[in-house]
Amino acid sequence: MQIGLFSGADCTTPSALVERGVEAEARGFASLWVPQTPFFDALTALAAVALRTSTIELGTGVVPVQTRHPATMA
């Protein structure tokens, strides 16, 4: 069974989320899901997590689409 982690709403800086992602991967979680928060952009933060991890799958919770270009969302 694979277990994912929904996190990020309690992280107030992108670096805190990156460390959370590295820790989640080290603990064996299969995925990390991150919502949009007032503190950081979810897509950019996940890109930063991807630079420091290699096996954990990454996904977004809720991301506002009205202000984003379709290419960014793809």
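What distance in nm separates the simple spin-label points at residue 54 and residue 15, each placed 7 Å from Cα in the Cβ direction?
Roughly 2.4 nm, to one decimal.
Can you pull a Stokes-Einstein diffusion coefficient for the chain at 10 °C (1.306 mPa s), Rh from Kirkwood over Cα pairs, as a whole number of µm²/s?
128 µm²/s
State in Å² the accessible area per residue of the stretch 15-74; use a 1.4 Å probe, count heavy atoms of protein chains only, and round to the nearest integer.
I get 61 Å² per residue for the stretch 15-74.
Sum -39500 (n - 2.57) across every DSSP H segment of at least 4 residues in the chain, then divide by the residue count to get the 222 nm mean residue ellipticity, nearest 500.
Calculated at 222 nm, the ellipticity per residue is -11000 deg cm²/dmol.
When only Cα pairs under 8 Å and 6 or more residues apart are kept, what is the percent relative contact order across the stretch 7-49?
Normalised by residue count, the contact order of the stretch 7-49 is 54 percent.
Tell me, what HN-Hα J-couplings in whole Hz come from the Karplus equation 6.51 cos²θ - 1.76 cosθ + 1.60 at θ = phi - 60° for each residue of the stretch 32-38, using x for Gly and Pro?
For the stretch 32-38, the Karplus-derived couplings read 10, 10, 10, x, 6, 10, x Hz, x marking Gly and Pro.
How many percent of the accessible area of the chain is carbon or sulfur, using a 1.4 Å probe?
59 percent
The values are calculated or read from the model by the stated rules, or taken from the named source; none is laboratory data. Here the structure is a predicted model, which means the values were calculated and not measured. Note that we place each Cβ from the backbone using ideal geometry, even for glycine, and neighbour counts take in every protein chain shown. For accessibility, only protein heavy atoms count, side chains too; no ligands or nucleic acids. Shrake-Rupley method; radii C 1.70, N 1.55, O 1.52, S 1.80 Å.
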